[in-house]
Amino acid sequence: MRSESLGELLGGVDPGQLRSRLGIPPLERREVWAAADSITIERVLAEAEADRGRPWADALGSLFVRYVRDGDRATYERAVADRQERLTRAVIAAAATEDQRWVDEAADGAVVLCEQSTWSLPAHDDAHARRGFALPDVTAPYLDLGAGEIVAQLAVADRILGVRWDDSWPGLRERIRHEAEVRVFTPFETRDDLWWLGYWREVNNWNPWILGNVVLAAVLLLDDGERVARLLARALDSLDRYVAELPADGAIDEGVAYWWNGAGRMLELLDTVAAVTDGRLDARDIPVVAEVLRFPMRMHLGGEWYVNVADGWARSRGHEPWQLPFRWGSLIGDARVVAWAQASRRHGEPVAGVAGGLPRLVRALVDGAWRDATPLDAPLPAAVWLESVQLSVRRGEAGSAEGLALAAKGGTNDENHNHKDLGSFLVAAGGRPLLVDIGKPTYTAQTFSAERYGIRAMQSGWHNAPAPLGLEQGAGPLFAARVLAAPGGEPGPRNNADAPFELELAGAYPLEEGDSWRRTFRLCAGDAGGPARRIEVADVWSLRDAGPNRVHLVAAGDVEAVGPGAEVEADGHRIRIVALHDGAPVEPLREVWELDDPELVAIWGPRLTRLVYAVPGRSGSLTTLIEELS
């Protein structure tokens, strides 16, 4: 939408009225804060009290330059996150109690962030690439995810505590606006070279994430309605590039983990747009918006566990903003999305966490419907087929995590946050993954460098994929799987939902013309349509060379050899794996990976085990049978 049209919608509207439309209550709205979820407030107050006994975290220059020196980005990021989380707790404590101690604590946090040399994170800042700096270039601030998060947090803090800060901290609000202008608004208005705007390359989750925070901050901090209209027009023009890349089936190739800070951020931005335009720009009836909203619900395996692809993690981190899909499911009238969100609502637990950021925490705190929501059973669709990313998810019966679930994917090796995972699959028993997609370890400088695929977790050899002639899959759009037979499943009609999923995988590897490696996945239905207890994965190949072909399986849990097969157990769930090479059992080689990365340990525990099946020959077959054990 052009800025002139937005100017007409926003023209003549008092900036204070625009801010009030966002539903972020200032401290003076005592009736709102008195009704906020008491359990969450009590948790935040207890944590805030603990904060007061320690100094604010030091985001030192020596931590920032580690990214250039040794690739460590996490230590500096953790220090900045610690500052932000402490500020969030202080703002909520001040709003809940009106105690001047917390007003002062929040002001200290705002000053700490204003005095931080950069709001950009070291892995994103462009000063090293442009000028060879190890430190940020304060004369040309870079607008990244970190800057967007900080400006939105300060804007919401200013909205809530502004009147009290005017009384006891005169000048602070002006300082916040100055830093927001220099670090965010001016770069956003004047720099077309920011790649995530989509003017010269494809976009990913950065686009809606940053845009939503910039627009929220602009509405809350700027008093010039015409400028707000221009900023909003620019944001919507950029967002169009993200929306244009969303497939009709709503799939997110970055996976569920990135949905929260990609498509979910888009929904929050659309909420802001609808609010400030008084409902005259409302996206709830756009079909792709509804399908994108349903994506994480369709990837749910049960409990904390999800189908994960690319850099995503398989387990809920516990601080996802569940109020977001709850609200949007209610808006579009999708009872299953609402039920999925409520499946993570816990009696006696906070409505949201501090780690999700101040804007998301405030939205959850003041949403009475979410506060009063009771836990429901997750819908767990029986069959999902997302053609755009060639991803199939199957289970024996809808609404139940019992039995086995199978997720398998094709696609290309040019996806966002790509791993070489074509033809890979995962198997969950009782909702708990036992044959797994590892996900990402802690990000370092290597992660998004030319050495990315030197990271074990991103290699096809550490996915549940074949290795024809012992080869790794290739990287880039030319390396792709081809669907030979696809099962049905939502979002389309469920015709042939019980049909096998078959892929030609030769195109994923640097093989000769005419080589073939076909993989077929079958979920065998249980008795009377009940939980599935058996999965078959059939590989059939025909190659010009007779190399050392291998098939890999990565297991999480305790793995033991039983006869020619293997058994995997975790959290009381157990499966047996038997592989037949041209009809004869083949015993796998076991390789144990003792994990030392904290992100991987938090999800999988102390180790992963790779089962390696050697299957020589120019042609042949391997049938992998996976059965649930009671």
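A count restricted to the range 437-470 and to residues that are more than 19 Å from Asp253 (Cβ to Cβ) and either touching a Leu at 6+ places or on another chain (Cβ under 7 Å) or assigned to a helix (DSSP H, G or I) (or both) stands at 9. Looking across the range 527-581, the residues that are in a strand (DSSP E or B), in contact (Cβ under 8 Å) with a residue 12 or more places away in the chain and acidic (Asp, Glu) come down to Glu536, Asp539, Asp558, Glu567, Glu569.
For Val483, state whether it is surrounded by fewer than 21 Cβ atoms within 10 Å (Cβ to Cβ), at pLDDT 95 or above and under 20 Å from Val309 (Cα atoms). Criteria met by Val483. Scanning the range 313-346 for residues that are surrounded by 22 or more Cβ atoms within 10 Å (Cβ to Cβ) and part of a loop (DSSP other than H, G, I, E, B) yields Ala314, Glu320, Pro321, Trp322.
Might you let me know whether the range 100-121 holds any residue that is in the same structural domain as Arg66 (by TED's automatic domain parsing), in contact with a Pro (Cβ under 9 Å, 6 or more places away or on another chain) and within 18 Å of Leu211 (Cα to Cα)? Yes.
Screening Ala34, Ala57, Ala93, Ala123 for residues that are more than 16 Å from Ala155 (Cα to Cα) and more than 29 Å from the chain's Cα centre (by Cα) leaves exactly one candidate, Ala34. Among the residues of the range 411-430, the one identified as within 14 Å of Leu629 (Cα to Cα) and surrounded by fewer than 23 Cβ atoms within 10 Å (Cβ to Cβ) is Gly430. Take the conditions (1) modelled with pLDDT of 95 or more; (2) surrounded by 17 or more Cβ atoms within 10 Å (Cβ to Cβ); Arg19 misses just one of them, which is (1). Taking Val351, is it assigned to a helix (DSSP H, G or I) and either under 23 Å from His463 (Cβ atoms) or touching a Lys or Arg at 6+ places or on another chain (Cβ under 8 Å) (or both)? So Val351 does not fit the description; no.
Say whether the condition of being in contact with a His (Cβ under 9 Å, 6 or more places away or on another chain), surrounded by 22 or more Cβ atoms within 10 Å (Cβ to Cβ) and within 25 Å of Glu85 (Cβ to Cβ) is met by at least one residue in the range 292-308.
Step one: list which residues in the range 292-308 are in contact with a His (Cβ under 9 Å, 6 or more places away or on another chain), which gives 306-307.
Among the residues that remain, those that are also surrounded by 22 or more Cβ atoms within 10 Å (Cβ to Cβ) are: 306-307.
If we keep only those that are within 25 Å of Glu85 (Cβ to Cβ) too, we end up with 306.
Yes; the residues of the range 292-308 include at least one that is in contact with a His (Cβ under 9 Å, 6 or more places away or on another chain), surrounded by 22 or more Cβ atoms within 10 Å (Cβ to Cβ) and within 25 Å of Glu85 (Cβ to Cβ).
Taking each residue of the range 247-265 that is outside the structural domain of Trp209 (by TED's automatic domain parsing) and looking for partners that are assigned to a loop (DSSP other than H, G, I, E, B) with beta-carbon atoms closer than 7 Å, six or more apart or interchain, yields nothing. Residues in the range 237-264 that are more than 20 Å from Ser388 (Cβ to Cβ) and either modelled with pLDDT under 95 or buried (at least 24 other Cβ atoms within 10 Å of the Cβ) (or both): there are none.
The values are calculated or read from the model by the stated rules, or taken from the named source; none is laboratory data. Note that the coordinates shown come from a computational prediction; the quantities given were computed from them, not determined experimentally. Quick reminder, even Gly has a Cβ in these numbers, built from the backbone with ideal geometry, and neighbours come from all protein chains shown.
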